[in-house]
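Bear in mind these aren't lab numbers, they're just calculated from the coordinates by the rules spelled out. Everything numeric here is computed off the predicted structure, so don't read it as measured data. Note that each Cβ is placed from the backbone with ideal geometry, even for glycine, and that neighbours are counted across all protein chains shown.
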Amino acid sequence: MRAIDRDFGALARLLADDARARGLRRIGLAGGQGAGKSTLSRLVVEACAQNGLRACVVALDDYYLPRRERLALAGRVHPLFETRGPPGTHDVALCREHLLALGGPGDVEMPVFDKGRDDRVGTRREMGPFDLVLLEGWCVGAKPVGDAALASPCNRLEREEDADGVWRGHANAELARGYADLWRELESLIFLRVPDLDAVRRWRLAQEAERPVDRRLDAAAVARFVAHFERITLDLVADLPGRADWTITLAPDHSIASIQRCAVGGP
């Protein structure tokens, strides 16, 4: 058993107990790349089953736009939208539809995205109703910021490839539209707070080792990829602890440094 599974096991049981006690139906789980969202989600589902609750996970990553649609967006708005991940590259309307549908009876056909192929590769079916639906994604709960906060580039990627701010401005505007509609459906929010961006890069690179060799990103490619998420990741680190019901701060070795409970009632 990996250390992260052991560390997150008791946390998952705590979160499942809280969901049952509060009668929660839809929970959001946010955290930077490699923070352990998928692992924690799986463990929460297992803990819910032990509590007599039927739970399932909706991964925001599966709702990335197909590659052809991102290429069209890149041509229409800004070339950086070819890269999956930033707001504007998800089908949030479909994600919201499925998030709600899973709470009721019936078959829900959900997309599956293969990060190695960088495209959707089919669908999977889930049969509702579920007592609890957990939406996990790196930017879950993110809010738009004012224009002044977008004025200065935050890293080399923005300085050299988004000097006029079109890309980051469009992504920010998307957070005020469909993403905000999706977040409003959540009744509670859990935040895996990363220690810094160096940890994100290390953890994201470690994830690449689990992919087929011909589909892995090297360290330089991972660093460039993570740069697309830097601005909003840092905004979340500063903002979400004051809004999330649970903030789990992670140490550089990926262990849990602290757990903060703040009953604020959702994002």
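Per-structure values
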read-out: At least 18 Å along the helix axis (C-alpha) and Kyte average at least 0.0, DSSP helices within the chain; value: 37-50
read-out: Cα shape, region 102-161, gyration tensor, a/c 1.5 rule; value: oblate
read-out: GNM flexibility winner over the chain from Leu24, Leu132, Leu240 (Cα, springs under 10 Å); value: Leu24
read-out: Over region 16-152: Kirkwood hydrodynamic radius from C-alpha pairwise inverse distances, Å; value: 16.2
read-out: The chain: proportion of alpha-carbon pairs further apart than 35 angstrom, %; value: 11
read-out: DSSP-defined antiparallel bridges as percent of all bridges, region 49-156, nearest 5; value: 65
read-out: Under 5 Å, built H, 5+ apart or other chain: amide partners of Phe130; value: Gly103, Gly104
read-out: Extension reserve of the Val121-Arg22 stretch, reckoned as 0.36 nm per residue once the Cα distance is removed; value: 32.0 nm
read-out: J(HN,Hα) series, region 113-126, from Karplus relation 6.51 cos²θ - 1.76 cosθ + 1.60, nearest Hz, glycine and proline x; value: 10, 9, 5, x, 8, 6, 6, 6, 10, x, 9, 9, 10, 10
read-out: Nitroxide proxy distance, nm - points 7 Å out along Cα→Cβ at Arg184 and Arg67; value: 3.6
read-out: Kirkwood estimate for region 31-77, i.e. one over the average of 1/r between Cα atoms, Å; value: 13.1
read-out: Residue-span extension gain [Ser38 to Asp114] - 0.36 nm each, minus C-alpha spacing; value: 25.9 nm
read-out: Dipole magnitude of region 181-267 about its Cα centre (Cβ charges: Lys, Arg +1; Asp, Glu -1), debye to nearest 20; value: 140
read-out: Point-charge dipole on Cβ atoms (K/R +1, D/E -1) for region 102-260, about Cα centre, debye to 20; value: 240
read-out: Sum of side-chain charges, Trp167 neighbourhood, beta-carbon under 15 Å (Lys, Arg +1; Asp, Glu -1); value: -1
read-out: Between region 8-27 and region 76-153, the Cα center-to-center distance that results, in Å; value: 22
read-out: Square roots of five times the Cα gyration tensor eigenvalues for region 152-267, Å; value: 25, 22, 14
read-out: In Å, descending, principal axis extents of the Cα set of region 1-71; value: 44, 29, 16
read-out: Cβ-Cβ FRET estimate between Ala209 and Glu46, R0 fixed at 25 Å, reported to 0.05; value: 0.55
read-out: Estimated inter-spin distance, Ala176 and Arg159, nm [label 7 Å along Cα→Cβ]; value: 2.8
read-out: Where labels lie 7 Å past Cα in the beta-carbon direction, separation of Ala149 and Ile256 in nm; value: 2.8
